[in-house]
Amino acid sequence: MHILFLVPYPIDQAPSQRFRFEQYFELLVERGFSYEVQPFWDESSWNVLYSKAHILRKITGLIMGYWGRITCLTRISKFDRVFIHREATPLGLPFIEWVISRVYKIPLIYDFDDTIWLQDQNNARKTFLQKLKYPNKVSSICRWSYKISCGNSYLANFARQYNSRVSIIPTTIDTQYHHVPQHHHSNPLVIGWTGTHSTMPYLEMLLPVLKELSTRRDFILKVICNVPPSFDLPGLKFIVWDKQQEINELNTFDIGIMPLPESQWTKGKCGFKILQYMALEKATVASTVGVNTEIIDHGHNGMLCSTQPEWLVCLEQLILDKELRKSLGVNGRLRVEQKYSVSSNSDNFLELFT
């Protein structure tokens, strides 16, 4: 079977691709499949996509991305399956998906890991660009798809309104070769957060708690991101995200945090941050939102918080109790290995193509 992966981003660049399906490429080859990958954005455009400058390069990248999708249709008949992550094109109607599934009648496998049928939660105003993204296309692609892969039950419930062939395949962690725990003896203790510019506001909502905690206890707040935080805090340490150093930096955490607001958008999040922390045996604290409540059993493999006072109590307790941190970390790693690892989901992924 020959598979075409139509994806938004260059290979080995975006977490949503790396940890949802790129980790399984070697497995596909081992099982006798062959595949090709065609990103929409080339590396040059991707490197500046979220910057405020380089407008000409972005426009050029957009045009070339659409040209690549159109030329791809001229040889689409050579493929037995087409796997689309999120969308074939970032703007406009789902023309490519319609042609593949309805004109060429090639089975379409549709994968998404966010509430992409909703407007971006960090852009409350309906801008012209938001309208051009045409989020309503998600329901149409679901109807046309042969099978659908969703990152959690909330996303799957949406997809099942339009298609019964829906599988829940979580964003997975390679616990064997990639996320390998290493324990550091930090003094002072490190509370850590990792994310992107788009999720930085979620960390900022916890700032009052962290400021109060800094008056009571000594700790370092390590922030790993592609942009520096706009706030200041005693003990704040900013680390520029680097794929090669990511695991080493995460392994310096004593406590990993994932604050989230309660919204329809965040209910679709797949808990990737907490899965990373837990896989590395870090004590994990997360908001009581969405899939977080499925991943974490409060007090056993992590902690869940609904209010700022709860966050303050949990973080202070973990700072003071080394044995509790160790217990949560060990149980968290076991949870990931059993349900959210590459090895525990390999068969589920392969079934998408049968």
If you check every pair at least six apart or on different chains, which have Cβ atoms under 8 Å apart with a residue in segment 325-342 that is more than 20 Å from Cys314 (Cα to Cα) first and a residue that is surrounded by fewer than 22 Cβ atoms within 10 Å (Cβ to Cβ) and of a type in the set (Asp, Glu) second?
Arg335/Asp297; Ser341/Asp174; Val342/Asp174
Out of Ile148, Ile141, I need the residue that is of a type outside the set (Phe, Trp, Tyr), part of a strand (DSSP E or B) and touching a strand residue (DSSP E or B) at 6+ places or on another chain (Cβ under 7 Å). Which one?
Ile148
Sole miss for Thr354 among (1) under 26 Å from the mean Cα position of the chain (by Cα); (2) exposed (fewer than 14 other Cβ atoms within 10 Å of the Cβ); (3) assigned to a helix (DSSP H, G or I) is condition (3)
Sole residue being out of contact with any Ser or Thr (no Cβ under 7 Å at 6 or more places or on another chain), closer than 30 Å to Thr354 by Cβ, in contact (Cβ under 8 Å) with a residue 12 or more places away in the chain and not acidic (Asp, Glu), chosen from Ser149, Ser164, Ser140, Ser198
Ser140
Positions within segment 30-49 being more than 19 Å from the chain's Cα centre (by Cα) and either in the same structural domain as His197 (by TED's automatic domain parsing) or not acidic (Asp, Glu) (or both), in sequence order
Arg31, Gly32, Phe33, Ser34, Tyr35, Val37, Gln38, Ser44, Ser45, Val48
Residue check, His197 exposed (fewer than 14 other Cβ atoms within 10 Å of the Cβ), outside the structural domain of Ser140 (by TED's automatic domain parsing) and touching a Cys at 6+ places or on another chain (Cβ under 9 Å)
yes
Is it the case that some residue within segment 309-317 is in contact with a Phe, Trp or Tyr (Cβ under 7 Å, 6 or more places away or on another chain) and in a helix (DSSP H, G or I)?
no
Within segment 332-346, is even one residue hydrophobic (A, V, I, L, M, F, W, C), touching an Asp or Glu at 6+ places or on another chain (Cβ under 9 Å), part of a loop (DSSP other than H, G, I, E, B) and at pLDDT below 95?
no
Which count do you get for residues in segment 277-308 that are of a type outside the set (Gly, Ala, Ser) and assigned to a helix (DSSP H, G or I)?
7
For segment 200-243, enumerate the residues that are surrounded by 13 or more Cβ atoms within 10 Å (Cβ to Cβ) and of a type in the set (Gly, Ala, Ser).
Ser214, Gly235
I need the full set of residues from segment 151-173 which are part of a loop (DSSP other than H, G, I, E, B) and either in contact with a Pro (Cβ under 8 Å, 6 or more places away or on another chain) or surrounded by 17 or more Cβ atoms within 10 Å (Cβ to Cβ) (or both), in order please.
Gly151, Asn152, Asn163, Ile169, Pro170, Thr171, Thr172
Can you find a residue in segment 26-35 that is in contact with a His (Cβ under 8 Å, 6 or more places away or on another chain) and loosely packed, with under 14 Cβ neighbours inside 10 Å?
yes
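The values are calculated or read from the model by the stated rules, or taken from the named source; none is laboratory data. Everything numeric in this text was worked out from a predicted model, so none of it was measured. Positions of Cβ are generated from backbone atoms using ideal geometry, with glycine treated the same way; all protein chains shown enter the neighbour counts.
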